[in-house]
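Sharing a structure, written as structure tokens. Questions coming.
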Amino acid sequence: MVWGHSVACPGKAGSGTVTACCWLQPLTLSFSQSSACLLLCPTWTSPPLHSTSTGTGSAPTGPVSSATPCGTGRLSRSGRSPTSGGAAPVGCGWCFVASGHGLNVRSSRATVGSTEVSVAITPDGYADAVRADRFVMPAERRLSLSCVLDVLEGRAQHPGVLYVQKQCSNLPTELPQLLPDLEPHVPWASEALGKMPDAVNFWLGEAAAVTSLHKDHYENLYCVVSGEKHFLLHPPSDRPFIPYELYTPATYQLTEEGSFKMVDEEAMEKVPWIPLDPLAPDLARYPSYSQAQALHCTVRAGEMLYLPALWFHHVQQSHGCIAVNFWYDMEYDLKYSYFQLLDSLTKASGLD
């Protein structure tokens with residue numbers, strides 16, 4: 001069965017076909033010059049992608065939400081990146097090319113360089129992840145943005161791996177000077193979802209900084225400003241094949257000597273988290289994961305990924321990648337009830 005729906009598409013004129021995520025499975029999106037007609041076809045077929053845009057993957061030149069859809073074909077199950085305009089395996093992303101003056105953090109050192117931001121620091125790049133028998137959260141330091149950029153550019157050293165990843169709208173709260181460089185929301189998403197974003201987050205970090213596999217209760221519009229992000233994705237329907245375990249929470253502490261130690265958070269309850277590394281899964285321990293079907297998506301500078309709520313995602317990045325994302329609270333409707341049922345059945349059947 002196919003469903004159709006029209007939404008406004010701001011930006012340059014163009015036409016073509018792109019792929020995106022519906023809630024459970026990938027879907028095909030076709031757009032015309034003035035609007036995008038969403039054809040939600042829940043299949044695992046491989047539609048050809050045809051691009052008429054001029055997206056080059058260079059740094060964006062305008063407000064993040066001044067976007068033009070483009071079918072770049074950078075979506076695959078294997079992690080390969082098909083060339084633009086060719087046949088590509090089905091994937092899950094809205095691709096966008098920005099226009100205008102844009103967000104340029106490095107050239108804004110004089111304005112924001114002395115501003116202190118919250119920085120997550122870990123010994124190996126994994127914050128909020130399972131390490132040994134603990135769910136470990138990063139050490140957090142307040143560093144100037146210039147200090148972070150100096151470390152990323154090799155002009156200075158700092159123990160551990162740095163990642164500006166504090167959420168809860170860290171862009172307007174910690175870097176308000178950058179707000180004139182982008183719009184406060186994604187207009188077409190706000191219209192489609194019937195609300196404004198709950199949070200606007202700023203991301204900047206080293207290539208070694210990795211986000212472990214997890215899901216969020218937010219509709220996520222993820223915009224790459226410079227560099228690129230590599231997403232490994234699973235639809236919610238893969239829940240029976242993705243293991244969860246309970247872990248004692250702990251936090252890294254950075255000593256004056258520059259070493260790290262793990263300190264248990266004794267007042268906190270155990271945390272359910274995914275212990276599996278999807279890049280090197282231990283199939284002897286988690287054999288069910290072999291039945292999951294990962295999607296690989298590279299989001300380059302000037303592009304935007306729409307990541308629906310409850311989709312599992314694991315994220316890597318190029319060194320010094322800068323990104324901004326918009327979190328819209330999800331609707332706790334039928335799809336949430338369905339996921340809760342699937343989650344309960346998975347636990348009851350012992351698949352975890």
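The values are calculated or read from the model by the stated rules, or taken from the named source; none is laboratory data. If you're wondering where the values come from, they're calculated on a predicted model, not measured in any experiment. As a convention, Cβ positions derive from the backbone with ideal geometry for all residues, glycine included, and neighbour counts pool all protein chains shown. The protein model used for the area step is the full one, side chains on, heavy atoms only, and it has no ligands, DNA or RNA in it. Shrake-Rupley method; radii C 1.70, N 1.55, O 1.52, S 1.80 Å.
Just the number, please: Stokes-Einstein D of the range 145-235 in µm²/s, Kirkwood Rh from C-alpha pairs, 10 °C, 1.306 mPa s.
On the way: Rh = 15.3 Å.
It comes out at roughly 104 µm²/s.
Further question on the same structure: Going through the cross-link list K215/K347; K229/K335; K166/K335; K270/K347, which pairs have a Cα-Cα distance over 22 Å in this structure?
Details: K215/K347 17 Å; K229/K335 27 Å; K166/K335 28 Å; K270/K347 17 Å.
Exceeds cut-off: K229/K335; K166/K335.
Convex hull over the alpha-carbon atoms of the range 197-352: what's its volume per residue in Å³?
On the way: hull volume 23.6 nm³, N = 156.
With only Cα atoms used, the range 197-352 gives 151 Å³ per residue.
Semi-axes of the equivalent ellipsoid for the range 302-351, please: Cα gyration tensor eigenvalues, times 5, square-rooted, ordered largest first, whole Å. Don't skip to the answer; put the middle values down first.
Numbers: eigenvalues 182, 52, 9 Å².
Computed over the range 302-351, the values are 30, 16, 7 Å.
Please give the solvent-accessible surface of S259 in Å², to the nearest 10, using a probe radius of 1.4 Å with every protein chain present.
S259 has an accessible surface of roughly 60 Å² with all protein chains in place.
Let me ask something additional. Counting only C-alpha contacts under 8 Å and six or more residues apart, can you give the relative contact order of the range 122-176 as a whole percent? All intermediate terms of the calculation are to be shown ahead of the outcome.
On the way: 30 pairs, mean separation 19.6, N = 55.
Here the relative contact order equals 36 percent.
Measure off 7 Å from each Cα along the Cα-to-Cβ vector at S114 and M196, then give the distance between these two points in nanometres to one decimal.
3.1
Sticking with the crude label model, points 7 Å out along Cα→Cβ, report the distance from A284 to A156 in nm, one decimal please.
4.5
Separate question: Using θ = phi - 60° and the Karplus relation 6.51 cos²θ - 1.76 cosθ + 1.60, list the HN-Hα couplings for the range 114-121 in order, rounded to whole Hz, with x at every Gly or Pro.
7, 6, 7, 10, 7, 10, 7, 10
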